[in-house]
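Step one of this worksheet: look at the structure below.
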Amino acid sequence: MNFSYFSFSIFSFICGVAFCSILNLGFVFGLFLILLSIILFLINRSAWSTPIYLCLVFFLLFFGLGFLRCYVSDQILDENVLKDYIGEEVSLKGIIIDEPDQRENNTKLTLKVSSFGGSTPKLDVDVRILLTVPHYPQYVYGDEITVSGAVEEPENFKTENGKVFDYINYLFKDSIFYTMYFPETELISKGNGNFIKEKLFSIKNSFLKKVQKTIPDPQVSLLGGLLLGVKQSLGKELQEDFRKVGLIHIVVLSGYNVSIIADFMMGIFSFLPRMLALSFGALSIILFAIMVGGSATIVRASIMALLVVLARATGRTSEVTRALFLAGFIMVLHNPQIVVFDPSFQLSFMATLGLIVLSPKISEYFKFVPNKYYLRESVVATISTQIFVLPLLLYMMGELSVVAVFVNFLVLMFIPVTMFFGFLTGLFSFVWIALALPFSYLTNFLLTYELKVVELFANIPFASIKVSYFPFWLMFGIYLLFFLLYILNKKDKL
């Protein structure tokens, strides 16, 4: 299939979803675009051989389909269930349906409400509330609890850079429309979630507790983000340092982190035939995704990492890029809100696209960098991802890191071995703590180095520049230019 028509159709669908997320003009608007595309297609058969005309037809059709998918999703989500109780004290009963998100001063719990307490009528629809609770008592996925407190609606807020963070729609993508701050809570029962997810989360938490016995904070918090995607805060000051130096993407699990694991596994088995080594890399991604709980974010990151590994192993950039677009299309089809309101999806997709598309093209310009210890690959990967995520970061955060490329190079080249020794530390801790100590010393040394690099460069004056105004249309225009340049560079013409 011609790549241009395939990718253009998916691009148009995602544009339709994004447009509806920002400006919902109603069902009739989407239907009108679809009917218009059909009419244009039927009334002018002689223009079917004209690429520009067909592009217009494809754009209207798939833009309309994307718009309708987003519209239908908005209608299915019923955010008005608790409108009458805003600001009132209510008693609720429900089940914690996601892994607790531990922050510096509190813990976030996602509660799926099953019923109201007291004389309030029973709830018969899916309502989710984000609870902000103290660190203790500790709750886990699958716990059934009662909460008593004031129901509130989330509010958007300004970040330190002066940008307004759309917190309402950020929660909306996960079907969360209400919040409660420090309600009274009481445990009713345990083990009410998915049995497999409960066991996976239990193994992950046990793994991290073992590692914490031999590696101190903040090093162990960074390792938890690198290796397990643990939602554990590094602290406000340290997170700001990571943001200043353009390294915030390694604090949480992403497609790039997961691809590092696969690359390392492929390197270990490089003495085997290429396809067998590739199979071990892919298998490591699948097992890793299962081990860390298989959340939606992890699944997305794992799919993108598999595509990166496949591209590097086969060299078939066009085919893998098609697969990436198809994977993105399926993810958006499942949850349209991630297009506009999920920064992790946006950054992960663009970084993966940069690794697949740009890395092979600029690699020849860095032959002066030695390939030993993956130095050249680290430089190329760093520059490729930074180019593709920069417009998005400028729009979301309004901050340009001057030292990002250099710091990424100094740190990312050590991330694979850090993750490897961190994994061995946790693994051998299950057997005997003393057996894990040599690996923990190495892991701690590497983590300390990475934190020191971040701290050193973050304290440099003008390490980052505030960009007070970077509009959406400019970000979209840059990515549209990237897309058009890639299409024009293909041998397959429209």
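The values are calculated or read from the model by the stated rules, or taken from the named source; none is laboratory data. A quick note: this is a predicted structure, and the numbers were derived from the prediction, not measured. Each accessible area value is taken on the protein alone, full model and side chains, heavy atoms only, with ligands, DNA and RNA left out. Shrake-Rupley method; radii C 1.70, N 1.55, O 1.52, S 1.80 Å.
Carbon and sulfur atoms: what percent of the 1.4 Å accessible area of the stretch 130-234 do they account for? After summing per-atom areas, the C and S share lands at 53 percent.
Rolling a 1.4 angstrom probe over the protein heavy atoms with all chains in place gives the stretch 349-467 an accessible area of 49 Å² per residue.
For the stretch 26-72, with all protein chains in place and a probe radius of 1.4 Å, 83% of the accessible heavy-atom surface sits on carbon or sulfur. With θ taken as phi - 60° and the Karplus curve 6.51 cos²θ - 1.76 cosθ + 1.60 applied, the whole-hertz 3J(HN,Hα) list for the stretch 351-361 is 5, 5, 4, x, 5, 7, 8, 7, 3, x, 7 Hz, x standing for glycine and proline.
For the stretch 399-410, putting each phi into the Karplus relation 6.51 cos²θ - 1.76 cosθ + 1.60 with θ = phi - 60° gives couplings of 9, 10, 8, 6, 9, 4, 4, 5, 5, 4, 5, 5 Hz, in residue order, rounded to whole numbers and with x for Gly and Pro. Ligands, DNA and RNA left out, the 1.4 Å accessible surface of the stretch 374-494 is 78% carbon and sulfur atoms.
Mean sequence separation of contacting Cα pairs (under 8 Å, at least six apart), scaled by the length of the stretch 360-492, corresponds to a relative contact order of 29 percent. Rolling a 1.4 angstrom probe over the protein heavy atoms with all chains in place gives the stretch 133-245 an accessible area of 50 Å² per residue. Note on T185: accessible area approximately 40 square angstrom, rounded to 10, probe 1.4 Å, nucleic acids and ligands left out. When M350, M413 are compared by accessible surface with a 1.4 Å probe, the order from highest to lowest is M413, M350.
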